[in-house]
Structure formats: C-alpha cells, structure tokens
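See below for the structure under consideration.
The values are calculated or read from the model by the stated rules, or taken from the named source; none is laboratory data. These figures come from a predicted structure and were not determined experimentally. Cβ placement follows ideal geometry from the backbone for every residue including glycine, while neighbour counts extend to all protein chains displayed.
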Amino acid sequence: MNIILLGPPGAGKGTQAKRLVDERGMIQLSTGDMLREARTSGTDMGKKVAAVMDAGNLVTDEIVIGLIEEKLEGDNGGGFIFDGFPRTLAQADALGELLASHGATLDRVVEMQVDDDALVARITGRFTCGNCGEVYHDVTRPLPADGKCVNCGSTDMKRRADDNEESLRTRLMAYYKQTSPLIGYYYAKGNLQSVDGLASIDEVAHSIAEVLG
C-alpha cells in the first residue's frame, strides 16, 4: 500500500509515519532525508544533488522524482509513505505518472486536519529535553515542580527557534498557498480521507489505521 500524509507543519505527519513504519513495515520516503542521503552517496544522482545544493539552489522536481524512482526500484516492504512530497499539483501529477510507470498505485491520501489557532498553541508551547528528547508542553505537559526531565533527570530544556507564532503562521500560509490545493485534487480522484490531526497520538494512529484498513 502506498500512501501520502497531508497536513500543515506541526500536524504530526512525521510521528504517524514512524508508527506506520514500525507497525506495518512501510518505508517512509521523506524528501529531506532522501536529499541528505543522496548528497553523500557518490552516485550520479547524488553528485547532481550535491552540485545544486552547494550552489544554494532549490532541488528541481525532476531530481526528487528521480530519487523516488530509485526507491521504487528497491524493496518496498509494506509499501511507501510519501512525506513532504508532493507539495504542488505539478508534483502530484509527476508522482502519479511515476507510480503508473512502475505498475504501482497511490492507495490512500490521509489529510490530517487541524485548527490553526489550536495548532499554534500546541506548537509554540512545546519544548524538549536537550539530553534525551522527551517532549513537554507549557500547558498540557509541563515539567515537574523540580524542573527535571521525568525520563532522564536532566534540566537542559530546549525550544526550536522556529516554534514561535510568527514563524509558524508564515509556514502555515506557505502550506495553504502551495500544498492545500492537493486536498481538492485527491478528493476528485476519490482517494482522500481525513482524520482529526489534533487528537492524541494514539487516537490519530487509530483513525489512520481505520482509513488504511
């Protein structure tokens, strides 16, 4: 089964993708991870990626499609999760054509729906233990009174520099301008399903499992 997880930044796509990898043996195709891997691979495609990135330019759709094609030609395990691609209608068309050329299909597109204000509150309040990565939140999961991580006892807490309201709303606007048209695109194709992205991690995972069957 091949699926796309759609949703704005902070909706939890990466968290749910990891669970699907662990529970179903699926392969997560993250655009960022593939580019980093290719850059150091020494292959012809990798050299092309390195040249583009070293010049400070954006990697073209053609290159990303080429990287995905390399993955499709390998062992697909329980199927692929496309994470961070497609982002535009042109990329969606290209992905559809690539899958068809390999005799594969896109089985489900799962939209993780969120309320912007609730998402901003969730993201801007979160911080992590700098030692073990345990996640906390100012409101929903504050630190214990002693200020120590419940997992490792560290007091070294960190917040991502872009986990602030201004930065997040800028990222949300970019998503709505560029990527949200994919929701209508895949709805028209009949393979879009939506889940509540603001439910608990376990509840979202259960909803996605029901969608995937």
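Of all the residues in the range 73-121, those that are of a type outside the set (Asp, Glu) and either without any contact (Cβ under 8 Å) to a residue 40 or more places away in the chain or part of a helix (DSSP H, G or I) (or both) number 18.
Within the range 102-114, is even one residue out of contact with any helix residue (DSSP H, G or I) (no Cβ under 8 Å at 6 or more places or on another chain), farther than 22 Å from residue 12 by Cβ and surrounded by fewer than 18 Cβ atoms within 10 Å (Cβ to Cβ)? Yes, the range 102-114 contains at least one residue that is out of contact with any helix residue (DSSP H, G or I) (no Cβ under 8 Å at 6 or more places or on another chain), farther than 22 Å from residue 12 by Cβ and surrounded by fewer than 18 Cβ atoms within 10 Å (Cβ to Cβ).
For the range 123-157, what are the residues that are among the polar types (S, T, N, Q) and touching an Asp or Glu at 6+ places or on another chain (Cβ under 8 Å)? Scanning the range 123-157 gives 124, 128, 131, 151. Considering the range 13-38, and only residues there that are free of Cβ contacts under 8 Å to residues at least 40 places away in the same chain and touching an Asp or Glu at 6+ places or on another chain (Cβ under 9 Å), the residue that is nearest to residue 95 (Cα to Cα) turns out to be 34. Listed here are the strands (runs of 3 or more DSSP E) enclosed by the range 122-213 that have at least 2 residues being modelled with pLDDT of 95 or more, of a type outside the set (D, E, K, R) and within 16 Å of residue 6 (Cα to Cα): 192-196.
Screening residue 8 against (1) in a loop (DSSP other than H, G, I, E, B); (2) in contact (Cβ under 8 Å) with a residue 24 or more places away in the chain; (3) of a type outside the set (Gly, Ala, Ser); (4) surrounded by fewer than 17 Cβ atoms within 10 Å (Cβ to Cβ) leaves a single unmet condition, (4).
For the range 135-155, the set of residues classified as farther than 22 Å from residue 120 by Cβ and in contact (Cβ under 8 Å) with a residue 12 or more places away in the chain consists of 149, 150, 151, 152, 154, listed by residue number.
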